[in-house]
Each structure stands twice: as C-alpha cells, then as structure tokens.
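Handing you this structure, nothing more for now.
The values are calculated or read from the model by the stated rules, or taken from the named source; none is laboratory data. The structure displayed is predicted, hence computed values, not measured ones. Virtual Cβ from ideal backbone geometry, glycine too; neighbours counted across all protein chains shown. Side chains included, ligands, DNA and RNA excluded: accessible areas come from the protein's heavy atoms. Shrake-Rupley method; radii C 1.70, N 1.55, O 1.52, S 1.80 Å.
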Amino acid sequence: MEVNFRQLMSSDGSTNKSAHAIHPYPAKLLVNIPQFFLAALPTVSGSALLDPFCGSGTVLYEGMLAGLRPIGSDSNPLARLITTAKLTPLDRAIARRHLDEVMAAYPSASPNIPDVVNRDYWFSERISDCLGRLKTAIQRNVPAPYRPVFDVSFSATARRVSYADPRLSVPVKINPDRSARYGAKGDEVIRRLVRLGEVDVGALFWSIASQNIQRCPELGQLFAVDRPEIFSDARSLGVAEASVDLAITSPPYVGAQKYVRASSLSLGWLGLTPDCKLRPIERQSIGREHLAADEALTSSGTGIPEADALLEEIVERNPLRARIAQRYLLEMRDALSELSRTMRHDGNLVLVVGPNLVAGLEFPTPFFLQRIAEGLGFSTKLHLLDSIASRGLMTKRNRTAGLIQQESVFLLKRVRTGA
C-alpha cells in the first residue's frame, strides 16, 4: 500500500519537536514515521523502545515524548553524541550559566587543537585557533552532565566555520573558480566563503548553544529515564532477552551513505579521530564503503537464494561491490538476530528500508531484509511504500548506486519459533 506519512501525521513544529534541529546529520528518518506508529501501536508508559540504528535519535526522542524508555545504538560516535544531547534533560538556567562561563574564559584560553583530518585544508589558521580556545573553555567550565549539548553545539560550529560547502553532507571544499557550477545559489556560497574571513567564532558558538539549550528537554519534565541507554554496535546490545515491546529503525543502506565521512570534521574537533584516521570508526559500521582485504566473499553465501544469485551477477561487474553487498547482508543478519533476541513475543518491529542499485543492478534490500527477519522469528503484518521527497541524502553517491526514491515500511510482529 502506498502512503504519504507527511499527510498521515503533520509535525506540529512545537518547541518539543525543535530538538530534531540540534545538529545536522545525513539521511535523517522522516519524523512523521515514528510519530505515526507511536500513535497507532499500543504501548505501555515506561516500556522500552529500541532503535538499533538510531542515527541522530529521531525515533528515540519521539518515543521519550510518548513516555517510553529509549534504548539505541549507533556505530558513529557523533550520532551517539547527538542522540545523548537530545535525550538528556537539563536545567536550562544552569546550562546558560555554564555558557556564560565558557564565553568569559574563551578569549584568553590556550588553544587545544586535536587531530583533525586535513585541518589546514578545511580551516584557516585563525579559525583553528578560535576553535581550539573554545574547546579548552568548554572542557574546563562545563561539567559532565551538561557536556553533550555543549559538545554538539561546538561540533555544529566547527562545521559552519569550515570551508565545506554547506549544501552537501559529505565535506566538499568551496571552490570560487567553480562558482558557475553551483547554480542559482552559487553567489551565496561564495559570499559565505568571504564571510569566513571575518566570522566571530565565539559569537556563532554562543548563538548555536543558546538555541540548543532551549531545544533540549527541561529537567523536571516527566520522562521515562534521566539518561538514555545508547550502545555502539547493533549486533551486541546490552539489553536483556525478550525485554523490548517495540522497535522502530531505519538501517543503513548498502554502501550508499557516507556517514563517517560526512561526520569527519566534527569527529576530528571532538577528539574522536586519533592519528587523523577515520577507518577504525568506519570498520565498525554496517553498510560501509570500504572493506579490509580479508573480508572476502563468503562461499557459504547469505542464506537467501535470490541474493546469492544476484551477487553472482554483481561480482562479474564489480567484485568489490559484490563483497560490500554480501558483507552488508551478513552483518544485517547478525543485527536482526540480536534485535530478535531482545524482543518479546508479540512485540512489534517497524523496519524502514529502501532499495539500491549495486554495480548498476537493482538490489532489492527491502525484500532481502524482510526475508532475513522472517527467518529470525518475525511475521510481516503490513508493508507500506512511502515516496522520498528529501531526507538529506547525499547529493552525489557512487555512480552505480542510483537514487533512492521510495522506501518500504514494514510492520513485523515477533512470533514464537515455529509459530
């Protein structure tokens, strides 16, 4: 059945919902989807809501507003930070006092400049010095419970004062010599580059942090938990067996989204890329772009005959893309198996996933993941199709990966083995 979740659930744009704007993140899940299912499915206040691929926390924040206990996972440290900031209630008056202390210390602080990949390429020396002093001021004046919102605001500031084109998720340096290729907004992009020469980094941070403090949940509101549970690997969750009633998640696409590279500037300034290396973080990701040499095609296949037959065609065109696609399905099987372990019988799983082209061939990811889930104790109750207008997807992806124009939204129920 084809649906339009924007029409089914119109977002009200209230202060509560503004938390979703706390930090940019690629391929965010449409907020109307979790809103719809949280309204349509029976839930018990205080029960667990799981999103094993939580990204920037869209599902978990909506679940928290609905009185559920959020449990999430994401391999990207920036995603975990954004989600934690979005879900952690704070005393706004105290947060603003800490902001004043940061701004008072910032001008005279000694700069703390961490390993940032190609820092001189992305930032001027003046801006790097400003960011380094800001980082020191935050570290010395903000206690741990308030650090997530300050670190997220610092991350957003770093991206705003970089030479990266603001219209693209993956950093691409603005090039004045190519202004004619930027289209109707080309002049504005170039003007932004000029403004970076005079930008007041401290004032920009203050503005972003002030807005984010207002967006975060207020301490004292009736939320299910004071601190969310956020893990780093969907294949190994610290969650008891059969303890989750509802899971809503949108897994990564196979080799399509450059989540880690899109986060690279923020990860560097947050001190999360030791020795300026992104690959250690990427290796933990499902749907990653690169594979190690020892991650070869598995002769035993994926367990899905249709997928194995398609992979045989792909390997003739592009052996690397075939390895990436097979590894994705195997790792998604591990993640869905862990999700099956944590869910109670009769629990509901909402799975949002789109198809791909791999090496120019249609790769029906929704069908494959549905088959895997059904083999792990889930039964399909509903299959909806939602057209994508814009989800912050990459402007340019692998040339044989295609555009993702429609997503499948499955409602699956956890059934007893053999049921």
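Test of understanding: extend the Cα→C-beta vector of Leu219 to 7 Å, then name every residue of the stretch 84-98 with backbone N under 17 Å from that spot.
Residues 85-98 qualify, since their backbone N sits under 17 Å from the label point.
Something else now. Roughly how many percent of the accessible protein surface of the chain is carbon and sulfur, given a 1.4 Å probe and a whole-percent answer?
50 percent
Go through Ser153, Val59, Val172 and say which Cα lies farthest out towards the positive end of the charge dipole of the stretch 59-216; charges sit on Cβ, +1 for Lys and Arg, -1 for Asp and Glu.
The residue sitting farthest along the positive end of the dipole is Val59.
Something else about it: Going highest first, how would you order 206-218, 49-61, 152-164 by mean Cβ packing within 10 Å?
So the order, starting with the most tightly packed, is 49-61, 152-164, 206-218.
How big is the charge dipole of the stretch 63-192 about its Cα centre, in debye rounded to the nearest 20, if each Lys and Arg gets +1 on its Cβ and each Asp and Glu gets -1 on its Cβ?
260 debye
A further question on this structure: When all alpha-carbon pairs of the chain are counted, what percent fall beyond 34 Å?
33 percent
Run the dipole for the stretch 255-340 about the Cα centre, Lys and Arg Cβ at +1, Asp and Glu Cβ at -1, nothing else charged, and hand back the magnitude in debye, nearest 20.
440 debye
Applying a 10 Å radius around every beta-carbon, put 195-205, 124-134 in order of their mean neighbour count, most first.
With the highest mean Cβ count within 10 Å placed first, the list reads 124-134, 195-205.
Another one. Classify the stretch 77-135 as rounded, prolate or oblate, taking a ≥ b ≥ c as the square roots of the eigenvalues of its Cα gyration tensor: rounded when a/c is under 1.5, otherwise prolate if a/b is larger than b/c and oblate if not.
Note, shape of the stretch 77-135 comes out oblate.
Of all DSSP beta bridges located in the chain, what percent are antiparallel, nearest 5?
The antiparallel fraction comes to roughly 55 percent.
Over the stretch 48-151, average the accessible area per residue using a 1.4 Å probe and give it in Å², no decimals.
33 Å²
Hey, another quick one. At 1.4 Å probe size, with every protein chain present, just tell me what the per residue accessible area of the stretch 328-392 comes to in Å².
34 Å²
To continue, here is another question. If you project the alpha carbons of the stretch 1-132 onto their three principal axes, what span does each projection cover, largest first, in Å?
That gives 56, 36, 25 Å along the principal axes, largest extent first.
Taking a ≥ b ≥ c as the square roots of the Cα gyration tensor eigenvalues, with a/c under 1.5 meaning rounded and otherwise prolate when a/b beats b/c, else oblate, which class fits the stretch 223-300?
oblate
Going by average Cβ density within 10 Å per residue, which order do the peptides 406-412, 3-9 take, highest to lowest?
406-412, 3-9
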